[in-house]
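Novice: The structure is given below, and queries will be raised subsequently.
The values are calculated or read from the model by the stated rules, or taken from the named source; none is laboratory data. Fair warning: this is a prediction, and the values are worked out from it, not measured in the lab. Note: ideal-geometry Cβ built from the backbone for every residue, glycine included; neighbour counts use all protein chains shown. Remember, those area values only see protein heavy atoms, side chains included, never the ligands or the DNA or RNA. Shrake-Rupley method; radii C 1.70, N 1.55, O 1.52, S 1.80 Å.
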Amino acid sequence: EEAAERMAAIRQQLEGVDVDLIYNVNETGLLYRGLPSRSYVPFEDRRTARGSKAMKSKDRVTWTLCCNATGTHKGPVTMIGKASQPICFQGEGSASPLPYFSQKSACTDASVFKRWFEEVFVPAAQARTAPHVYLIMDNLCCHSSISHPQVTIIELPPNTTAVYQPLD
């Protein structure tokens, strides 16, 4: 009931705003070394894969995704990893093709999210759209430390991102 009231207030706040100016951001994790569950492992590989360390690998990166409500402007996909300078991005001509941030657990924290906001989102939004935009995001505590005069931050109600957040 409280979440429905908050969503009604958000809809009223955004009433009359051009949908191209409404952005949404969310993070997702990728376990890049883990094998799929046994139901997706080919039959001939099941004996070697089942229960192996590779199947339980927790090596991960976090991707930050952002786009406007119409999908006409997609912000750069940002990757958060553990290594401060991954080997794959070292050497001449091997620069990261997307913004990369490092963090000890490869998850989003307040400092990484603030850097993403200031270095990736704000410049991308300013280059593409009107001087003022709206950013809808979940209510994680790491998201609370950001502000910008040209961006209105709208936090979704607690425990409702699976229902109301488009990028979930």
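Novice: Please count how many residues of the stretch 116-140 are surrounded by 16 or more Cβ atoms within 10 Å (Cβ to Cβ) and under 16 Å from P76 (Cβ atoms).
Specialist: 10
Novice: What pairs can you find where one residue is in the stretch 114-135 and more than 14 Å from V25 (Cα to Cα), the other is open to solvent by 60 Å² or more (accessible area, probe 1.4 Å), and their Cβ atoms are less than 6 Å apart, with a gap of 6+ or different chains?
Specialist: Pairs found: P131/Q150; H132/Q150.
Novice: Yes or no: the stretch 50-57 includes at least one residue that is under 27 Å from A162 (Cα atoms) and either open to solvent by 50 Å² or more (accessible area, probe 1.4 Å) or modelled with pLDDT of 85 or more (or both).
Specialist: Yes; the residues of the stretch 50-57 include at least one that is under 27 Å from A162 (Cα atoms) and either open to solvent by 50 Å² or more (accessible area, probe 1.4 Å) or modelled with pLDDT of 85 or more (or both).
Novice: May I ask you to list the residues in the stretch 1-32 that are without any contact (Cβ under 8 Å) to a residue 40 or more places away in the chain and more than 20 Å from the chain's Cα centre (by Cα)?
Specialist: Within the stretch 1-32, E1, A4, E5, A8, A9, R11, Q12, E15, G16 qualify.
Novice: For the stretch 63-109, enumerate the residues that are open to solvent by 40 Å² or more (accessible area, probe 1.4 Å), touching a Cys at 6+ places or on another chain (Cβ under 8 Å) and closer than 20 Å to N139 by Cβ.
Specialist: D109
Novice: I'd like the full set of residues that are at positive phi and either of a type in the set (A, V, I, L, M) or in contact with a helix residue (DSSP H, G or I) (Cβ under 6 Å, 6 or more places away or on another chain) (or both), limited to the stretch 53-111.
Specialist: A106
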